[in-house]
Amino acid sequence: MEAANKGAQQGNAPSVGLNIDLPFEQSHNPFIDQDKVLNYNYFFIRKVMFVKYAQAFVVMPGGFGTLDELFEVLTLIQTKKIKAVPVILMGTEFWKGMREWVVSTMLEKEGNISPKDLDLIPVTDDIGEVVQIINDFYKEGSNHDLEPNYKL
């Protein structure tokens, strides 16, 4: 999240942080606007809030929490519980093993997903491509709106 917050601040855009209190983590990163630090005690509430307003997800290399959030979003999109938004994985080398496992096991061996589901998760190392994917998704005349995903 720090990279996104830093980019927002450098671009003079609002920098919001959705933090969760964990026993082994430090406090929020220094690039969040102080009046936009939101703290949560429960993961599920935090996930609802970041999914509700997100217009795209750019997923950077991370740990179990990153995987949890990625698969939650993909499941919500796949099952049409939320409107589709771009989900882009940044870092081809990092995501290579996961993608190979998804293709070989979930798609080919077990048949738990369809080939079209792979279109939900493009992988790139190119920031310009990330921007292009998001812009193409929301190009003029598309049927995607920018309303929140969840109706609370």
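In Å and from the alpha-carbon atoms only, list the Rg and Dmax of the stretch 55-139.
Looking at the stretch 55-139, its Cα Rg and Dmax stand at 12.7, 36 Å.
Let me have the 222 nm mean residue ellipticity of the chain computed from DSSP H runs of 4+ only, each contributing -39500 (n - 2.57), with the sum over all residues rounded to the nearest 500.
Working: 5 runs with 56 residues, N = 152.
After summing the helix terms and dividing by residue count, I get -11000 deg cm²/dmol.
When the chain is modelled as a GNM with alpha-carbon springs shorter than 10 Å, which of Glu110, Glu69, Glu93 fluctuates the most?
With Cα springs under 10 Å in the chain, the top fluctuation among Glu110, Glu69, Glu93 is at Glu110.
For the stretch 55-139, calculate the relative contact order in percent as a whole number, restricting contacts to Cα pairs under 8 Å that are 6 or more residues apart.
After rounding, I find 34 percent.
Expressed as an acute angle from 0 to 90° and rounded to the nearest 10, what is the orientation of the C-alpha long axis of helix 43-53 relative to the principal long axis of the chain?
Taking the Cα atoms of the chain, the angle to 43-53 is about 80 degrees.
Starting from a Cα-only point model with no solvent, please compute log10 I(q)/I(0) by Debye for the chain at q = 0.18, 0.21 1/Å.
Those come out to -1.32, -1.65, one per q.
Towards the positive end of the charge dipole of the chain, with charges on Cβ (+1 Lys, Arg; -1 Asp, Glu), say which of Leu120, Ile133, Ala8 has the farthest Cα.
Leu120
Bear in mind these aren't lab numbers, they're just calculated from the coordinates by the rules spelled out. The model shown is predicted, which means the values in this text are computed figures rather than measured ones. Because the Cβ atoms are built from the backbone with ideal geometry, glycine has one as well, and the counts that use them run over all protein chains shown.
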